[in-house]
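To start, the structure itself, in structure tokens.
The values are calculated or read from the model by the stated rules, or taken from the named source; none is laboratory data. Keep in mind that this is a model prediction, so the values were computed, not measured. Cβ coordinates were reconstructed from backbone atoms using ideal geometry, including for glycine residues, and neighbour counts include every protein chain displayed.
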Amino acid sequence: MKLLIILFLFTAALAAPAQQTQAQTPLLNRLCHTWVLQKMDDGSGKSNPDLSQQDFRLILYSNFTCKQGLQPDGFITSAWQLDETHMNITISDVGAKATHVFVLKILKITEDELSLQQAASDGGLIMTYKNHDR
């Protein structure tokens, strides 16, 4: 019995930081997939990613962790948050020596496609992803 209590507390302690206060929502459920970069727009017109960018993945998990990087080279594990009011995703890259925070505006989300805009004063880079799970 003590072992079960210890295991429960240990599991709860690990899960607590990632759970946040967000309930499962339709938007959250649509975001939690493996997304493959399809194209980028830096303001000069839409362009397809170069060969290295075609292997870029953004994997969003419902426990508010994510992985991003090139397949099969490796991924950076990060945490993410969803602000449905402002339609923003905030990714905190805590795997590096310094913490980097990226705020991305959700421009479009369907079952098959996700378009994110990098927050920047000049309008920001727009990245369009395809749902790899479908």
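Go through Thr110, Thr85, Thr77, Thr25 for me and flag whichever is of a type in the set (Val, Ile, Thr), in contact with a strand residue (DSSP E or B) (Cβ under 6 Å, 6 or more places away or on another chain) and at pLDDT 75 or above.
On the way: Thr110 fails: in contact with a strand residue (DSSP E or B) (Cβ under 6 Å, 6 or more places away or on another chain); Thr85 fails: in contact with a strand residue (DSSP E or B) (Cβ under 6 Å, 6 or more places away or on another chain); Thr25 fails: in contact with a strand residue (DSSP E or B) (Cβ under 6 Å, 6 or more places away or on another chain).
Result: Thr77 is the single residue among Thr110, Thr85, Thr77, Thr25 that is of a type in the set (Val, Ile, Thr), in contact with a strand residue (DSSP E or B) (Cβ under 6 Å, 6 or more places away or on another chain) and at pLDDT 75 or above.
Find the residue count for the range 46-62, including only residues that are exposed (fewer than 14 other Cβ atoms within 10 Å of the Cβ) and modelled with pLDDT under 70. Before you say what the answer is, go through the steps one by one.
First pass over the range 46-62, keeping only residues exposed (fewer than 14 other Cβ atoms within 10 Å of the Cβ): 46-48, 50-52, 62.
In the following step, the residues that additionally are modelled with pLDDT under 70 were identified as 46, 48, 50-52.
So the count comes out to 5.
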